[in-house]
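> Supplied in structure tokens, the structure appears directly below.
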Amino acid sequence: MRKNIVAGNWKMNKTLQEGIDLAKELKDVLAADKPNCEVLVCTPFIHLASVATILEESTVGVGAENCADKSSGAYTGEVSAAMVASTGAKYVILGHSERRAYYGETTGILKEKVKLALANGLTPIFCIGEVLTEREAGKQNEVVYTQLSESLFDLSVEDFSKIVLAYEPVWAIGTGKTATPGQAQEMHAYIRSVIAGKYGKEAAGNTSILYGGSCNPSNAKELFGNPDVDGGLIGGAALKVTDFKGVIDGFK
């Protein structure tokens, strides 16, 4: 079922001890002031087991930032979906724009990652979105449709229902450009219409679609007020509990 979710993506930040301290602080703050949405943090691999243990009996879920497209074997440096699940993590971010841009992750690779994540009981937070040249060329809908269809549309209705989507306006992250709440709503509504066309209106209505474009305490409430925006995938603002709490409070 569709849920409001605020997910923190720590990216390549925080030493193990710093991550443990951040998790403990977040746990305490949210225990004192319970959120009106689901909250989770996606951490670097080395943090997962420790953070999952700390947050085990809290309201905060735990996820990884990636997993391999192979189940096991001679793939030095890779971490499988089964390994992620074994830490106690329940989520995994897949297809993040940085993974696509810097590490060449294709729709085919991501298709395999999604299948392995689902097979190991993980909930994929699947990222989609267009870069500046694509937005300026008016190709944003075409790009997002391709990312969805080539990686996810082989899934059954049942398996698709286990996916959380995150729209990243890559063109508005670190470029000086700004995505307005209206632009966010427009793309989220389009994404929902694409899902409806493939899986039906009920499936589309039940899919949580998060916004992943520089969401912070000052704009969270306005962004989350859009009918098709079900929360956020939060980067920089997830690294300080006060900032992350400010975003979470966008649902109050």
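Laboratory data are not the source of any read-out in this text; all were calculated from the coordinates shown. The shown structure was predicted, so the numbers you read here are calculated from the model rather than taken from an experiment. All Cβ positions, even for glycine, are placed from backbone atoms using ideal geometry, and neighbour counts span all protein chains on display.
> Beta carbons within 10 angstrom, averaged per residue: use that to sort the peptides 178-190, 101-113, highest first.
Highest mean packing first, the order is 178-190, 101-113.
> By average Cβ neighbour count within 10 Å, what is the ranking of 221-227, 69-75 from highest down?
The densest-packed peptide leads the list: 221-227, 69-75.
> Could you list which residues have their amide H under 5 Å from that of Val62, counting only those 5 or more apart in sequence or on another chain, with H placed in the peptide plane?
HN-HN under 5 Å from Val62: Val41, Lys90, Tyr91.
> In whole angstrom, how far apart do the alpha carbon centroids of the range 109-159 and the range 1-56 sit?
Centre-to-centre (Cα) distance: 24 Å.
> What list of ³J(HN,Hα) values in whole Hz, one per residue of the range 26-33 in order, does the Karplus curve 6.51 cos²θ - 1.76 cosθ + 1.60 (θ = phi - 60°) give from phi, with Gly and Pro shown as x?
The phi angles translate into 5, 4, 5, 5, 7, 6, 7, 9 Hz.
> Under a 5 Å amide H to amide H cut-off, with H placed in plane at 1.01 Å, what residues pair with Phe126 once short-range neighbours are removed?
Long-range HN contacts for Phe126: Leu94, Val164, Leu165, Ala166.
> I need the phi-derived Karplus couplings for the range 242-252: 6.51 cos²θ - 1.76 cosθ + 1.60, θ = phi - 60°, integer Hz, Gly and Pro marked x.
After applying 6.51 cos²θ - 1.76 cosθ + 1.60, I find 4, 5, 5, 5, x, 5, 4, 5, x, 8, 9 Hz.
> Taking K and R as +1 and D and E as -1, what net charge do the other residues with C-beta under 15 Å from the C-beta of Leu110 add up to?
Once positives and negatives cancel, what remains is -4.
> Find, among the GluC sites (Glu not before Pro) in the range 12-100, those assigned to loop by DSSP (not H, G, I, E, B) with at most 16 other beta-carbon atoms within 10 angstrom.
Listed in order of number, the matching sites are Glu56, Glu57, Glu78.
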